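Laboratory data are not the source of any read-out in this text; all were calculated from the coordinates shown. Because the structure is a prediction, the values reported are computed rather than measured.
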Amino acid sequence: SAVISQKPSRDICQRGTSLTIQCQVDSQVTMMFWYRQQPGQSLTLIATANQGSEATYESGFVIDKFPISRPNLTFSTLTVSNMSPEDSSIYLCSVEFGRATEAFFGQGTRLTVV
Amino acid sequence: QKEVEQDPGPLSVPEGAIVSLNCTYSNSAFQYFMWYRQYSRKGPELLMYTYSSGNKEDGRFTAQVDKSSKYISLFIRDSQPSDSATYLCAMLRGDTDKLIFGTGTRLQVFP
C-alpha cells in the first residue's frame, strides 16, 4: 500500500486564477495519475504523469488547462489554470503498484471556483 | 451509453441488513472488476478485486461477477453504520491500464 498526501485538501478560488495541487507519496512509484470527480459523475482520468517525461493527457483534457509536473518518483503537481465555475470538483492523485487493479488514492482536493 | 452504469442511490438500510450493490457494463473486454469504498471527504480505497467470473469473499464482503450478463455485485453481510459510504465499481480491460469507474452508490446504514 501507499500513503498519499494531497495539499490543499480544499480551496475556494476566484474565476480566472490558477491553483496548484500537490501530491506526495511515501514510496517511489513510476506512474502517478490525476483524476477528477465531479458531483454525480464517474471518476475521470485527467492524465498520467511519468517521472522524466511529459504527462499523457486523456481525451478532453489539455496541457494548457491542466499542466502537470513530475520532478521525482515521489511527487507530482497538477495545476488547474484560468479557472471557471465548471472546474469546481474534487481532484485526486493516484498511484499503482504493478497493475491498475491495485490503485491507491489520495484524500482529494475539493475545489470550488466562484 | 456509458461503459459502466451504477445506480447512485442513496440506499438506506438498517444495521444488520444484507446490502447488494450492483453495476452493469457494456464492454465485453473488461476482465478485472474492482470495488472501492469512499468515505465522505476521503479518497477511494480498494475493497477487493476479481478477475473474470465468479465469487470472491473477504470477511463480510462478497464480490460477484457474471460476465454473461455483464453484471457485477458487491454484497455486504451484517451491515454496520461504519459501512456508510459511497461504493464505486471500477473495471479494467486486459490490454490497457485505464480504470473505468461507475458513478458510485451512496449507502447509509442506520442503527
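Miscellaneous remarks
- As a ratio to 2.2 N^0.38 Å, the alpha-carbon radius of gyration computed for the stretch B:9-58 takes the value 1.37.
- Here's how it looks for B:ALA17: its modeled amide H is under 5 Å from those of B:SER79, which are all 5 or more places away or on a different chain.
- Amide proton proximity set for B:GLN108, modelled H, under 5 Å, gap of 5+: B:LEU11, B:SER12, B:VAL13
- The base-10 log of I(q)/I(0) for the protein assembly as shown, evaluated at q = 0.07 Å⁻¹, reads -0.22 [Debye formula, identical scatterers on Cα atoms, solvent excluded].
- Cα-Cα over 21 Å, subset of B:LYS2/B:LYS56; B:LYS2/B:LYS70; B:LYS2/B:LYS67; A:LYS65/B:LYS42; B:LYS2/B:LYS98; B:LYS67/B:LYS98: B:LYS2/B:LYS56; A:LYS65/B:LYS42
- Whole-number D in µm²/s for chain A (Stokes-Einstein; Kirkwood sum over Cα pairs; 20 °C, 1.002 mPa s): 153 µm²/s
- Sequence-ordered 3J(HN,Hα) estimates for the stretch A:33-46 from the Karplus curve with 6.51, -1.76 and 1.60 and θ = phi - 60° stand at 10, 10, 10, 10, 10, 8, x, x, 10, 5, 4, 10, 6, 8 Hz, glycine and proline given as x.
- The alpha carbons of the stretch B:1-102 give a radius of gyration and a Dmax of 13.2, 41 Å, in that order.
- Intensity falloff of the stretch A:7-68 expressed as log10 I(q)/I(0), Debye formula with alpha-carbon point scatterers, at q = 0.19, 0.20, 0.22, 0.27 Å⁻¹: -0.90, -1.00, -1.17, -1.40
- The HN-Hα couplings worked out from phi for the stretch A:56-73 by the Karplus form 6.51 cos²θ - 1.76 cosθ + 1.60 (θ = phi - 60°) are 9, 9, 7, 4, x, 10, 10, 5, 5, 8, 10, x, 10, 10, 9, x, 8, 7 Hz, whole numbers, x standing for Gly and Pro.
- For A:MET31, the amide hydrogen comes within under 5 Å of the amide hydrogens of A:GLU96, counting only partners 5 or more places away or on other chains and with H modelled in the peptide plane.
- Taking the inverse of the mean 1/r over every pair of distinct Cα atoms in the stretch A:70-113 gives a Kirkwood hydrodynamic radius of 12.3 Å.
- The phi torsions of the stretch B:6-13, fed into the Karplus equation with coefficients 6.51, -1.76 and 1.60 and a -60° offset, translate into couplings of 9, 5, x, x, x, 10, 10, 9 Hz, rounded to whole numbers, with Gly and Pro shown as x.
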